[in-house]
Amino acid sequence: MTTDFDRACSVIKSLNITDTNRQMADYWLSCWQGDKPPSRSVFHSGLSKDIRAAILEAEIRPDRSILCIQTGTYFRLALGFDPETQDLMMLCPVVEREETFLHWWGVATGGISVSYRQFHSKEFNGLVQHIGLPFCDELPGDARFIVLHTDWRPVGTDTIQGNVSMNLRDGSHMKLMRYTASETAHLGLQAS
């Protein structure tokens, strides 16, 4: 019988992800607890400094909010501000919020996301790749946690402050692959 862990391994293996995102994904897989993704506490227990600096963690609530609960140094540098305690949905254009929420809810309920965003800096222009992964923690009211890891690292003295799009979703650059059956229907979280 194929388990969720086996399917998650297959999904990650099939993705064309960068070395730093592969390190993050391999670490995440190493923290699984039986057939469940890691809890936040287990995940944080052995997290390297480089990975910690490149993550953003969020609490996703069925009321259509995505609360940023922790950001690493690289995310703060790239965004030009610290989004902790903010509802990340408010950074999205109104017309993209429903799709954005459903994408990240898909991660929280058993999916793996790879996304790309263009950036321009003083020293380098290109694409940055992110990988989004769920934690197994479930909070009251069906809230869930996810972690987003970026492969962006500062180059030289460049901090690219303010040069990364605040748009959390660009449909042509995001991919969600599930390793479990969808859990959105029982919560009434279909796209409107």
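For this structure, a couple of remarks:
- Take each peptide in 95-102, 21-28, count the other Cβ atoms within 10 Å of every residue, and average; sorted highest first, the result is 21-28, 95-102.
- Size of the range 4-179: Rg and Dmax of its alpha carbons, in Å, are 15.2, 45.
- Note on the range 3-36 and the range 54-129: Cα centroid distance 20 Å, given to the nearest whole angstrom.
- Nitroxide proxy distance, nm - points 7 Å out along Cα→Cβ at THR73 and SER10: 4.0
- For the range 4-179, relative contact order (Cα pairs under 8 Å, six or more residues apart, normalised by length) works out to 27 percent.
- Cβ crowding within 10 Å ranks HIS130, HIS103, HIS149, HIS44 as HIS44, HIS103, HIS130, HIS149, fewest other Cβ atoms first.
- Taking each residue as 0.36 nm, the span from MET90 to SER30 lengthens on full extension beyond its C-alpha to C-alpha distance by 18.2 nm.
Since every read-out is calculated from the coordinates, none of them should be taken as a lab result. Please read all numbers here as calculations on a predicted model, not as lab measurements. As a convention, Cβ positions derive from the backbone with ideal geometry for all residues, glycine included, and neighbour counts pool all protein chains shown.
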